[in-house]
Structures are given as C-alpha cells and as structure tokens.
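The values are calculated or read from the model by the stated rules, or taken from the named source; none is laboratory data. Note that the coordinates shown come from a computational prediction; the quantities given were computed from them, not determined experimentally. FYI the Cβ positions are ideal-geometry reconstructions off the backbone, even for glycines, and counts take in every protein chain you see.
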Amino acid sequence: MSHRILVLYGSYRSDRMGIRLADYLVAQLRQRGDDAELIDAKAIGLPMLDRMYKEHAPGTAPAALEELATKIRNADAFLFVTGEYNWGVQPGLKNLTDHFLEEWFWRPAAIASYSAGRLAGTRSSYAWHNTLSEMGMVVISSTLTIGPIAQTLSEAGEPLGEAGKFLDKSFGRFADDLAWWTEAAKAQRARKAPPY
C-alpha cells in the first residue's frame, strides 16, 4: 500500500550536510512504493512566523503557504529530518512547522536526526518528539540517528562504509514502524472522525 509521506528538512546553511539524509530517505521510501516528497524549508523560503496559515483570511495566504498547507493536509505521514543546533532544533525547520497547526493533526510523524559528530543529533530528536506531539501528531518510537553524517552518506545520498551499511539495516525497521502507524491512522480516520 502506497503512502503519501512528506520528508521535511530545514537547514539553511550554505554547506548543509543533512540534505544527504533527506535525499536518502526520499529515495528509500520511494523504493518501498511510497509517494515521498522532499519539503525543503530553504527552497520554500517562508518568512519568519508572523501569521500562521489559519490566521490569513481564506484565499489571502501567500501562494507558498497555501500550497504547503494543501500538501500537509493531503499527506498520510511526515518524516522530519533534523540537525542539532546547540542542543536544540534547527530554526528553519521549526519556523516552517510553526506556520501550521490543525493541518498536522491525526497523522504519524517520524524523526531522523544527524550531526557532524558521534551524537548524531539525538538531542534535537528529543526536542522534536515533544514539539510534534504537542502539534497533534503521533510520533513513532523508532528513530534514525546518523553521525558523523559525512562518513555515513555521500554527497549524492549514497551509503558509505560500515556506517552506511548500518543505516541501510536500520532503515527497514524504522520505515516499517512508520508504515504501521500510517496504516493504523488512515484506518481509524476512515472508521471514525477525529474528535476535534
């Protein structure tokens, strides 16, 4: 069964490394038969949050915001790819996420974190878990943590060496977990309308 999955990535750095992981994840999900799309916060270029999507009168939201709202509403699940900035989350991805609220509700989310070092962005993963839960998503228990990223994935998002082999091995269980929750959420939404 194909799922519509948005892979959200938020680094604005000129030499960003996490795009390797985002590209890898999109490719792997597509190989499994999913309809995966990369949502790159830098490419979309939303302004710093002033007004949430829902705070615009109908038909007056900026085009990029309207298009992204439609994609989020039509998604079955989300995969957040996050680096760690000073023990916290990337501001670009957080800014993109905060433009919406109800659009995220009642769907599962997964987190893949990375860093240049051996801690692999785990602290940002912890922070995102709470944030996404608060925003109405069911965050799956499986996570991917990639570090050092330059020793795990090539610039083309291809696995490298032993670290890359471990990522390939870990991805299957991670994706299976996300697929299970995606199917469960779809079935429940079809059976019964969400309570709000």
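Within the set Arg118, Arg107, Arg173, Arg189, the sole residue that is crowded, with 17+ Cβ neighbours inside 10 Å and of a type in the set (Lys, Arg) turns out to be Arg107.
Suppose we filter Met17, Met48 for residues that are touching a Phe, Trp or Tyr at 6+ places or on another chain (Cβ under 8 Å) and closer than 26 Å to Tyr126 by Cα; which single one remains?
Numbers: Met48 fails: touching a Phe, Trp or Tyr at 6+ places or on another chain (Cβ under 8 Å).
After ruling out the rest, the residue left standing is Met17.
If we scan region 90-100, do we find a residue that is over 22 Å from Lys42 (Cα atoms) and part of a loop (DSSP other than H, G, I, E, B)?
No; the residues of region 90-100 include none that is over 22 Å from Lys42 (Cα atoms) and part of a loop (DSSP other than H, G, I, E, B).
Per-residue answers, yes or no, for (1) modelled with pLDDT of 95 or more; (2) under 12 Å from the mean Cα position of the chain (by Cα):
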site: Asp40; (1), (2): yes, yes
site: Met52; (1), (2): yes, no
site: Glu55; (1), (2): yes, no
site: Thr60; (1), (2): yes, no
site: Glu67; (1), (2): yes, no
site: Trp87; (1), (2): no, no
site: Thr97; (1), (2): yes, yes
site: Glu103; (1), (2): yes, no
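For region 144-160, indicate whether the set of residues that are in contact (Cβ under 8 Å) with a residue 12 or more places away in the chain, of a type in the set (S, T, N, Q) and surrounded by fewer than 16 Cβ atoms within 10 Å (Cβ to Cβ) is non-empty.
Filtering region 144-160 down to residues in contact (Cβ under 8 Å) with a residue 12 or more places away in the chain leaves 144-159.
From what is left, the residues that are of a type in the set (S, T, N, Q) are 145, 151-152, 154.
Those left that are additionally surrounded by fewer than 16 Cβ atoms within 10 Å (Cβ to Cβ): 151, 154.
Yes, there is a match, as at least one residue in region 144-160 is in contact (Cβ under 8 Å) with a residue 12 or more places away in the chain, of a type in the set (S, T, N, Q) and surrounded by fewer than 16 Cβ atoms within 10 Å (Cβ to Cβ).
All of Ala179, Ala184 fail the test of being in contact with a strand residue (DSSP E or B) (Cβ under 9 Å, 6 or more places away or on another chain), crowded, with 19+ Cβ neighbours inside 10 Å and either among the aromatic types (Phe, Trp, Tyr) or over 20 Å from Gly10 (Cβ atoms) (or both), apart from Ala179.
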